[in-house]
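This report concerns only the one structure given below.
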Amino acid sequence: MSHPEAWHEWRLTGVGGSDQTILHSDDPERVHQLWLRKTRKSPPDDLSRVLAVALGTHNESFNIKWFEQETGKQVLRNGDQVRCESHSFLICTLDGVVYDNGKPAVFEAKMCLPFLKSHEVLRKYMPQLQHNMFVTGYDKAYLSVLFANVRYELFEVNADPIYQSQIVEVAREFWESVQTKTPPARIDTIEPPIEPVRTVDMAMSNSWCAHAVTWLEHKSAAKKFNDAASELKKLVEPDVVEAYGAGIRAKRSKNGAITIVEEKV
């Protein structure tokens, strides 16, 4: 895959969303190679014979069409280049923009290996999503993922100002190292905010099913147990530190909490 010279020059003018993915990859060698490219000490990567990149680029238009088909939302501004108004060293190239109830949202199309789990994909691309939202000023992003030809998943991600401030600081320090031609220091991993996103069928898990049967069998008894405990605690008057009878004992702690235990014979 080859890109026009102007595209490569644009990428050298700041820290982009895909750069953030590298900066937060916990891979010092990839970060160093990125620094070499940004400082023009090495030429841009030749991606023309990288199969994964070629497939991802080829399938981007299909990904967009599939997203539009599944959601009824239109993807606009594919390929737009944006520079952050508040931090001029931050840039991004958009896969697209989606208008959700009149509000713009970042659209990002990816193609991943079929065995990757949802949280792994989100963790990998969260820096890029949050970066692009920060650069554009948008509050939401759509991550549209083709897992080869096995499955499709769509993630909706909200802007996280705290995490954004952290990755912007990382980008600032990296960009300073580019401008001063000083190799970057090792970057400490920043754990991205991952919200629960998956619905899972556990019917094939023997352990899950065994505990589920036990839970269902004792659900009614558990409710009766909790209700009885609540009523017993109400019967312990405020000035009583300990009450007992009928095989149980209720004790009041210094902070006023009442604990009920079975009396030992």
Legend entry - Entries in K224/K254; K110/K140; K73/K140; K234/K254; K234/K264 that, when Cα-Cα distance is taken, lie over 20 Å: K224/K254; K234/K264
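Write down the accessible area per residue of the chain in Å², having rolled a 1.4 Å probe over the full set of protein chains.
63
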Inset, instruction - Identify which of L116, L90, L154 has the largest mean-square fluctuation in a Gaussian network model of the chain, with springs joining Cα atoms closer than 10 Å. - result: L116
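Relative to the Cα centre, what is the charge dipole magnitude of the chain, using +1 at the beta carbon of each Lys and Arg, -1 at the beta carbon of each Asp and Glu, and rounding to the nearest 20 debye? Mind dumping the intermediate values first?
Numbers: 32 positive and 36 negative charges, 66 e Å.
Value, rounded to 20: 320 debye.
Can you pull the percent of the chain's accessible area that's carbon plus sulfur, 1.4 Å probe, other chains left in place? Walk me through the numbers before you get to the answer.
Working: 9180 of 16780 Å².
C and S atoms contribute 55 percent here.
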Inset, instruction - Would you compute, from DSSP H runs of 4+ residues alone, the mean residue ellipticity of the chain at 222 nm, taking -39500 (n - 2.57) per run and dividing by the full residue count, rounded to the nearest 500? - result: -14500 deg cm²/dmol
Inset, instruction - Could you list the trypsin sites (Lys or Arg not before Pro) in the range 141-231 that lie in coil according to DSSP, counting only those with at most 12 other Cβ atoms within 10 Å of their Cβ? - result: K181, R186, R198
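Treat the chain as a sphere of radius equal to its Kirkwood radius over Cα pairs and apply Stokes-Einstein at 10 °C in a medium of 1.306 mPa s; give the translational diffusion coefficient in µm²/s, rounded to a whole number. Present the calculation step by step, with values, prior to reporting the outcome.
Values: Rh = 22.7 Å.
Rounded to a whole number, D works out at 70 µm²/s.
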Inset, instruction - Among L12, G102, L129, flag the residue with its Cα farthest along the positive direction of the charge dipole of the chain, charges on Cβ as +1 for Lys/Arg and -1 for Asp/Glu. - result: L129
Inset, instruction - Could you please put T259, T136 in sequence from largest to smallest accessible area, using a 1.4 Å probe? - result: T259, T136
Inset, instruction - First select every other residue whose beta carbon is under 11 angstrom from the beta carbon of M133; then total the charges, Lys and Arg +1, Asp and Glu -1. - result: -2
Legend entry - Around E169: net Lys/Arg minus Asp/Glu count, Cβ-Cβ under 13 Å: -2
Inset, instruction - Could you give the DSSP H helices of the chain that reach 24 angstrom or more along their long axis (alpha carbon positions) and whose average Kyte-Doolittle hydropathy is no lower than -1.0? - result: 51-71, 118-136, 161-179, 206-235
Legend entry - Loop sites in the range 217-264: GluC sites (Glu not before Pro), DSSP, at most 11 other Cβ within 10 Å: E263
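The values are calculated or read from the model by the stated rules, or taken from the named source; none is laboratory data. Note that the coordinates shown come from a computational prediction; the quantities given were computed from them, not determined experimentally. All Cβ positions, even for glycine, are placed from backbone atoms using ideal geometry, and neighbour counts span all protein chains on display. Ligands, DNA and RNA are stripped out before the accessible areas are found, and what is left, the full protein with its side chains, is counted by its heavy atoms. Shrake-Rupley method; radii C 1.70, N 1.55, O 1.52, S 1.80 Å.
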